[in-house]
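Laboratory data are not the source of any read-out in this text; all were calculated from the coordinates shown. From a predicted model like this one, the values you see are computed outputs, not experimental measurements. Cβ placement follows ideal geometry from the backbone for every residue including glycine, while neighbour counts extend to all protein chains displayed.
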Amino acid sequence: MESPDLKTLVATLASNGIEFVVVGGLAAVAQGAPFSTYDVDIVHRRTPENVARLVRVLVDVLDARYRDQTGRVIRPTEQILSGPGHSLLRTNLGSLDVLGAIEGGRDYDALLPKSLEISIAGHRVHVLGLETIVELKRGSTRPKDQLALLVLEESLQRSRERGG
């Protein structure tokens, strides 16, 4: 697979009317955190209409399949994406983690008020606010998250100083 094109991946979802909030590394990067990220993490609205649109775009446009080490091609389905679980996918534009909910059962409706709208590749997209990302990382016990927390807290402090 070629290098990931994460901006185009996000723009493809947005241009097809998918309702989602970008969470994780790309959300932090979009707000100035100095990270490298190699995938897109989204929490999607789990209404039947949105899930149906999402599956259509994932399968027909992005050639999405689960990251499976055996080489089998397993496609996402409406039934799976209607639940709160995590679907870790590979697409023709890069890796995409489609999350029904994140820590504490926070779903799209819970995260939307804690997001801000930014432009990515010419499309208005909701990204989880840096303050909420820091809050989530503080509650994590994963070593990767604890390391990222230092950089995120510094980025949040700089953002506050700039009045952001």
Requested in this report: Select the strands (runs of 3 or more DSSP E) contained entirely in region 8-106, then report the ones holding at least 2 residues which are free of Cβ contacts under 8 Å to residues at least 60 places away in the same chain and buried (at least 18 other Cβ atoms within 10 Å of the Cβ).
Outcome: 39-44, 86-91
Query raised in the report: For region 107-135, which residues satisfy the criterion of being in contact with a Gly (Cβ under 9 Å, 6 or more places away or on another chain), within 22 Å of Glu161 (Cβ to Cβ) and assigned to a helix (DSSP H, G or I)?
Result: Lys114, Leu130, Ile133
Query raised in the report: Of the residues that make up region 143-163, is at least one touching a Phe, Trp or Tyr at 6+ places or on another chain (Cβ under 8 Å) and in contact (Cβ under 8 Å) with a residue 12 or more places away in the chain?
Result: yes
